[in-house]
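The values are calculated or read from the model by the stated rules, or taken from the named source; none is laboratory data. Because the structure is a prediction, the values reported are computed rather than measured. A quick note on method: Cβ atoms are made from the backbone with ideal geometry, for glycine too, and the neighbour counts reach across all protein chains shown.
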Amino acid sequence: MKRLLLFILAIAFFNISALADISQTEAQQKLTALEKSFAGKIGVYALDTNSNQVIAYRADERFPVQSTFKLIVVAALLKQSQSDKNLLQEKIHYTKNDFVSWRPITNKYLATGMTLEALAVATLNYSDNPAANLIMKKLGGPQAITDFAHSIGNKSFNVKHYEVDLNSNPNNAEDTATPKDMAISVEKLTLGNVLTPANRAQLIRWMQDNTTGYGRISAGTPIGWTVAEKTGGGFGNYGMANDIGILWSPYCKPIVLAIYTVQNQKNAKPRDDIVASATSIVMDEFAKNDPCFKELFA
């Protein structure tokens, strides 16, 4: 009887594993077809925290991070604020010499300066480049941000420059990371214990208020879901369109998702639709095996 029970359990485990493998293969096939539809490559790492299913595609290859690195910048600031309670309210004064392109918020407060908290909001909500640079300078520069990323397990993260000088060339390892490492960092920062519960909640709220991602992950997410994200790539070369974040419904635990795209031609235009389509592929595949999704889409 015991042997029969073990045999039945083994068969059940094999069938479940086989179904998971089929699902993974189907997702990869769809992502391959999507990748062939444009002259470039896609990197995806997605985790369904309801079922722990993972969908990965070029997840261990390096992609230029561009402005997705700003999530790490702000998280590093929040981490330091946990041992310096007055840090976020410290006012930073700056000059026109600190200005680079895309400064929708910092441009308004040249005369008064901004608190580090306000700079963090500008960085995540509007991807304001001087705001991110000012936070980095306060924390010790790009190397300090890279060290923080490494400290939470993101060993591929390799930011060497300030905005707007981040590398865009996919053949250059500087200012790059892997989709897997970036997704796992998102998970640790928003769902793990790297930050205090209050700072995790604050980071997620700022990510929810992002104004630059309507055509990317948000566009491939079912109606009624909440998206907290950080985009990147809009001003770089090689047509980069990146997005990282978490998304959830009132019924399901979050999906952690990182999508990176880069094209072969230096003058290529970003393809937000590729990111949106990759998101849809991920969501459709998770829906096949996750009972939570099946209830949602019933």
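Miscellaneous remarks
The rows are residues; the columns are (1) buried (at least 17 other Cβ atoms within 10 Å of the Cβ); (2) touching an Asp or Glu at 6+ places or on another chain (Cβ under 8 Å); (3) not polar (S, T, N, Q).
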{"site": "LEU195", "(1), (2), (3)": "yes, no, yes"}
{"site": "GLN202", "(1), (2), (3)": "yes, no, no"}
{"site": "MET207", "(1), (2), (3)": "yes, yes, yes"}
{"site": "PHE235", "(1), (2), (3)": "yes, no, yes"}
{"site": "GLY239", "(1), (2), (3)": "yes, no, yes"}
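- Of all residue pairs spaced 6 or more apart or on separate chains, those with beta-carbon atoms under 7 Å, a first member in segment 137-157 that is under 12 Å from ALA75 (Cα atoms) and a second member that is of a type in the set (Lys, Arg) and assigned to a helix (DSSP H, G or I) are PHE148/LYS79; ILE152/LYS188.
- Taken together, the residues in segment 84-111 that are part of a loop (DSSP other than H, G, I, E, B) and under 26 Å from ALA177 (Cβ atoms) amount to 6.
Each row is one residue, and each column tells you yes or no for (1) surrounded by fewer than 22 Cβ atoms within 10 Å (Cβ to Cβ); (2) among the polar types (S, T, N, Q).
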position	(1), (2)
ASN242	no, yes
ILE246	no, no
PRO250	yes, no
LYS253	yes, no
THR261	no, yes
LYS266	yes, no
THR279	no, yes
PHE286	no, no
ASN289	yes, yes
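- In segment 169-180 there is no residue matching the filter, namely being farther than 16 Å from VAL65 by Cβ, modelled with pLDDT of 95 or more, in a loop (DSSP other than H, G, I, E, B) and not acidic (Asp, Glu).
- The condition (being in contact (Cβ under 8 Å) with a residue 24 or more places away in the chain, surrounded by 20 or more Cβ atoms within 10 Å (Cβ to Cβ) and in contact with a strand residue (DSSP E or B) (Cβ under 6 Å, 6 or more places away or on another chain)) is satisfied by just one residue among LEU134, LEU124: LEU134.
- Any hit, segment 133-145, residues being in a loop (DSSP other than H, G, I, E, B), out of contact with any Cys (no Cβ under 6 Å at 6 or more places or on another chain) and under 17 Å from ASP84 (Cβ atoms): yes
One line per residue, one yes/no per condition, for (1) closer than 30 Å to THR279 by Cβ; (2) modelled with pLDDT of 95 or more; (3) hydroxyl-bearing (Ser, Thr, Tyr); (4) not in a helix (DSSP H, G or I):
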position: ILE8; (1), (2), (3), (4): no, no, no, no
position: ILE16; (1), (2), (3), (4): yes, no, no, no
position: ILE22; (1), (2), (3), (4): yes, no, no, no
position: LEU34; (1), (2), (3), (4): yes, yes, no, no
position: TYR45; (1), (2), (3), (4): yes, yes, yes, yes
position: LEU119; (1), (2), (3), (4): yes, yes, no, no
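To keep it simple, each residue is scored yes or no on (1) surrounded by fewer than 18 Cβ atoms within 10 Å (Cβ to Cβ); (2) in contact with a strand residue (DSSP E or B) (Cβ under 6 Å, 6 or more places away or on another chain); (3) among the hydroxyl-bearing types (Ser, Thr, Tyr); (4) over 21 Å from GLU229 (Cβ atoms).
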position: SER81; (1), (2), (3), (4): no, no, yes, yes
position: LYS85; (1), (2), (3), (4): yes, no, no, yes
position: LYS91; (1), (2), (3), (4): yes, yes, no, yes
position: GLN143; (1), (2), (3), (4): yes, no, no, yes
position: THR146; (1), (2), (3), (4): no, no, yes, yes
position: HIS150; (1), (2), (3), (4): yes, no, no, yes
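- Within segment 258-278, the set of residues being without any contact (Cβ under 8 Å) to a residue 40 or more places away in the chain and under 19 Å from the mean Cα position of the chain (by Cα) comprises just one member, PRO270.
- Test: residue in segment 95-103 that is under 22 Å from the mean Cα position of the chain (by Cα) and farther than 28 Å from GLY192 by Cβ: yes
- Restricting TRP206, TRP225 to residues that are farther than 20 Å from PRO64 by Cβ and at pLDDT below 95 narrows the list to TRP225.
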